[in-house]
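This report refers to the structure that appears directly beneath it.
No value in this document is a laboratory result; all are computed from the given coordinates. Please read these numbers as outputs of a predicted model, since none were measured by experiment. Note: ideal-geometry Cβ built from the backbone for every residue, glycine included; neighbour counts use all protein chains shown.
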There are 2 protein chains.
Amino acid sequence: MAQTEKLDLVLTQLDKGLDTALQRLLDFLRIPSISTDPAHNGDVCAAAEWLRNELEILGFQASLRDTDGHPMVVAHSQPGEGRTLLFYGHYDVQPVDPLSLWDRPPFDAAIQDTAAGRIIRARGASDDKGQLMTFVEACRAWKAVHGALPSGLVLLFEGEEESGSPSLLPFLDANADELRASLALICDTGLYADGRPAITTQLRGLVGEEIVVRAADRDLHSGHFGGLAANPIMVLATALAALKDENGRITLPGFYDGVEELTDEMRRNWQALGFDVGAFLAEVGLKYPIGEKGRDPLEMMWNQPTAEINGISGGYTGDGFKTVLPAEARAKVSFRLTGQQDPAKVRAAFRAHMQAHLPADCQIEFHEHGGSPASVMDTSDPAFAAAKQALTEEWGREAAYIGAGGSIPIAGDFKRMLGMDSMLIGFGREDDRIHSPNEKYNVESFAKGARSWARILAELRG
Amino acid sequence: MAQTEKLDLVLTQLDKGLDTALQRLLDFLRIPSISTDPAHNGDVCAAAEWLRNELEILGFQASLRDTDGHPMVVAHSQPGEGRTLLFYGHYDVQPVDPLSLWDRPPFDAAIQDTAAGRIIRARGASDDKGQLMTFVEACRAWKAVHGALPSGLVLLFEGEEESGSPSLLPFLDANADELRASLALICDTGLYADGRPAITTQLRGLVGEEIVVRAADRDLHSGHFGGLAANPIMVLATALAALKDENGRITLPGFYDGVEELTDEMRRNWQALGFDVGAFLAEVGLKYPIGEKGRDPLEMMWNQPTAEINGISGGYTGDGFKTVLPAEARAKVSFRLTGQQDPAKVRAAFRAHMQAHLPADCQIEFHEHGGSPASVMDTSDPAFAAAKQALTEEWGREAAYIGAGGSIPIAGDFKRMLGMDSMLIGFGREDDRIHSPNEKYNVESFAKGARSWARILAELRG
């Protein structure tokens, strides 16, 4: 049988089985697997068990693997099915507060017809249960029609992604040989803004720091001491303001070491997206992009590093006014990294900068909150062109290589710990309200997502 | 009878009556006249009534005068007693939270023997019931011994000083002719730090502003939007940091207009105080004075203006980390003013500065929190030398002219609305813990305070 005929049978099978697949997903969504809330520990376990069971039905060797936290679900296809790919997703979900803003109970999953089309409404519908099930359904269809998968597969499902993945690195470390594959497929991203299929080929890294500046050993009266005693808020504001020059460039020495200019090819790719920065900002009530002058907006978002103050507090912040000169002030600061920027060096440069701005009488405390380098995929791997072609055929629109301004550390972890590149393909939409009330996933995303994976598996066959 | 003999009789009378006077003060202190708490409205009224009654007993024509808030107590001595002086104090007190930090119930007033000597322990003991009663007791002794006061007196007692004095200006305006005197005496300040008697001859003014900087219409994800969307915390930090140059000078155009250099005489006065800035700062865990280089520390505290951030908040400030790019950030900023600085001009310059630092997409909101000019008393008025002499004799130590870094707007209000200078004399100590748990007033302050006023009244006799 020709390969296209084999694939056509799989796609037909997926279309026939869509309603059943949706019912399966609703069952999965009804398990409230909120990983950050100990009251839901049993539910998280039940979701893992549900998945393991599904994968066994499909002929995988599937098991729950203990960690210090929630279990990993690991499944292997029968040996001898050629090249091996690893697929990653997570079966835990975000908390649901505030409940009152949901149209229906967040775990009473349902299909609804809305102005935006048919949707699956539930916590986790898009992030990440609906997405990971697109891959599982593609596997099911391949098995149903041909009795085998086109490639060897390892499936890895995590239950702690929404609570910081504390067990992931130890697990990768302890099971590196078992998990190493020729390429990782990660389904936790989205379509491009206009609904075009996309492969995310670069992610920014992240360095988070919390700082506390202290001066006097108590709050002082600003009349009595003002002009003599150091003010930690002013110290903090001055040091943080000095992180950027008047052009928006970050001033830390060596900060831009490792930042790489966009290749001409990727620049053309991004220009072809026709990104409308005005419309993008208008969505949130803004008009004018800030940032370094002379840079393309998508470049600023995806390929340039940032320095942001994510939180600040100090002194009296209640109603009215108190002329207090506070004993301390705090801030949370984060840097998004690109290219080869080294998180440890960025953190060290930031700490040196803060120390250099500290008056003699002040102390500063630093608390580390995560650090991961940027991930830039090597799109010259033929798998990328193949997957791009598969997506283009499924969606009837040219698939795009895009970047992401956020950080998905798993891609960097796979690279660093398993020496494995990742391909990030997902079908979420910007209006999916992940992490917010009324999360949804379009039925179209689910159906075409599963068909996309069926095609990609065909293209990447071992 | 010679004037010194007349005074000696009054002083002897005060000494004899000290225990009774202390009991009277304890009665007064037992009335929980917390002006800011509506639950205590009846108590505030009871304290006013208590005062009116005391003053009537002393032969004053005393009355409660309605305002939109708590009543004023106004008392006039019998006409024909020569030159008229106005005495001001306040009978309301601060809240008492946290109650658990008090050694005894804050309104169960008592005399206690402590390592620091005999003290009166209660909320309001020092601020301001104990202080105002030093003057009332001096009047009582004069009347008791001589049947008359040495000067005509108007007594004005306010019940809203601890809650911002909202009724004071309208009351002064409506009753200007009745209240205008040749000089105001205000008893709401303290001895110099080392216990030396002092007249406060200058107070800094105050301009308070609350600002809110807004950018996007919601909190954004700093990964998604970082680098394109304005960050209100960074905007705020940058604008506030730019309020001072690297030498600690305030950069607002025209800010120093009206700031006056210290006269040689006042500079000599202050140098004679032997202010130990190291010891002063060591009390609160600091070592090095900040502020404009080359200025004397007392000059920085009392005769130079300041810009301080009293509070700041924005973004995520809880435990852990959220990579949020917040919709808004807030700060409370105050300026202490000296000399002839104009509060309205300083406020306008600050607002213009903030506007000038605002990126195109940000909005800023300003909320006014009080504005009062500095008060600088004319010490060439012979009343100052006379009172200084009286204080020196009572305390056996050279009385000092001192400044205060804080703001007591009443002195400026008297000047502006009644054309009347003020003399600020008080007997509080730095360890009185006003506004804090375990407020106290030294019995010595109370006894010598009353004797001081008896002497000052003699010196200023009409």
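Counting Cβ atoms of other protein chains within 10 Å of each Cβ in A:296-304 and taking the mean gives 2.
Holding the Cα-Cα limit at 23 Å, pick out from A:Lys322/B:Lys322; B:Lys129/B:Lys448; A:Lys244/B:Lys322; B:Lys129/B:Lys440; A:Lys388/A:Lys440; A:Lys244/A:Lys293 the pairs that are longer than that. Violating the 23 Å Cα-Cα cut-off are A:Lys322/B:Lys322; A:Lys388/A:Lys440. With a 10 Å cut-off around each Cβ of A:278-289, the average count of Cβ atoms from other chains is 5.
If R0 is 25 Å, the Cβ-Cβ spacing of A:Glu430 and A:Ala148 corresponds to a FRET efficiency of close to 0.10.
Would you please state which residues of the range B:138-168 a label at B:Asp177 would reach in this model, taking the label point 7 Å out along Cα→Cβ and a backbone N cut-off of under 20 Å? Those under the cut-off are B:153-156. Per residue, the average separation of C-alpha pairs within less than 8 Å and at least 6 apart gives chain A a relative contact order of 26 percent. Here, P(r) means the percent of Cα pairs in each 5 Å bin from 0 to the largest distance; for the range A:169-297 it is 2, 6, 9, 12, 13, 13, 11, 11, 9, 6, 4, 3, 1, 0. Considering only alpha-carbon pairs that sit under 8 angstrom and 6 or more positions apart, the relative contact order computed for the range B:220-332 is 41 percent. The ranking of B:Ile425, A:Ile290 from fewest to most other beta carbons within 10 Å of each one's beta carbon is A:Ile290, B:Ile425. Taking the range A:176-214 and a reference point 7 angstrom along Cα→Cβ of A:Ala272, the backbone N atoms nearer than 18 Å belong to A:191-202. How would the range B:347-394 be classified by its alpha-carbon gyration tensor: rounded, prolate or oblate, with rounded meaning a/c under 1.5 and the a/b versus b/c comparison settling the rest? Prolate, because a/c is 1.5 or more and a/b exceeds b/c.
For the range A:244-361, the convex hull spanned by the alpha carbon atoms encloses 150 Å³ per residue.
Taking a straight line from the alpha carbon of B:Lys332, these aspartates and glutamates sit under 16 Å away, with near neighbours fewer than eight places off in the same chain left out: A:Asp219, A:Asp319, A:Glu328, B:Glu209, B:Glu210, B:Glu308, B:Glu365, B:Glu368.
Close amide-amide hydrogen proximity is noted between B:Ala400 and B:Ala198, B:Ile199, each under 5 Å apart and 5 or more residues distant or on a separate chain (H modeled in the peptide plane; Pro and chain starts excluded).
Using the alpha carbons of chain B, what is the convex hull volume per residue in cubic angstrom, as a whole number?
168
Kirkwood's formula applied to the C-alpha pairs of the range A:368-462 gives a hydrodynamic radius of 15.3 angstrom. For the pair the range B:308-382 and the range B:145-181, the centres of their Cα atoms are 32 angstrom apart. So if R0 is 60 Å, what FRET efficiency would B:Ala110 and B:His221 give, r being the distance between their Cβ atoms, rounded to the nearest 0.05? Between B:Ala110 and B:His221 the formula returns 0.55.
So what is the relative contact order of the range A:23-178, in percent, for Cα pairs below 8 Å that sit 6 or more residues apart?
Details: 263 pairs, mean separation 48.3, N = 156.
For the range A:23-178, the relative contact order is 31 percent.
Between B:Arg249 and B:Ala385, the contour length at 0.36 nm per residue exceeds the Cα-Cα span by 45.5 nm.
With contributions of -39500 (n - 2.57) from each DSSP H run of at least four residues, the per-residue ellipticity at 222 nm computed over chain B stands at -10500 deg cm²/dmol.
Neighbour counts of other C-beta atoms within 10 Å: give me A:Arg121, B:Arg118, A:Arg30 arranged from fewest to most.
So the residues, fewest neighbours to most, are B:Arg118, A:Arg30, A:Arg121.
Label separation (B:Gln23 vs B:Gln340): 5.5 nm, computed from points 7 Å beyond Cα along the C-beta direction.
Between copies, A:Ser100 shows label-point distances of 3.0 nm, shortest first, with the point placed 7 angstrom from Cα along Cα to C-beta.
Beyond 24 Å, the tail of the calculated P(r) for the range A:312-445 holds 57 percent of the Cα pairs. Each residue of the range B:431-438 was assigned a 3J(HN,Hα) from its phi angle through the Karplus curve 6.51 cos²θ - 1.76 cosθ + 1.60 (θ = phi - 60°); the sequence is 9, 6, 6, 5, 6, 10, x, 6 Hz, with glycine and proline shown as x. For the range A:38-165, the average shadow cast by the Cα convex hull is 9.4 nm², which is a quarter of the hull's surface. Each 10 Å bin from zero holds the following percent of Cα-Cα pairs in the protein assembly as shown: 2, 11, 17, 17, 13, 11, 10, 8, 6, 3, 1, 0, 0, 0. Legend: mean number of C-beta atoms from other chains within 10 angstrom of residue C-beta atoms, peptide A:323-335, equals 5.
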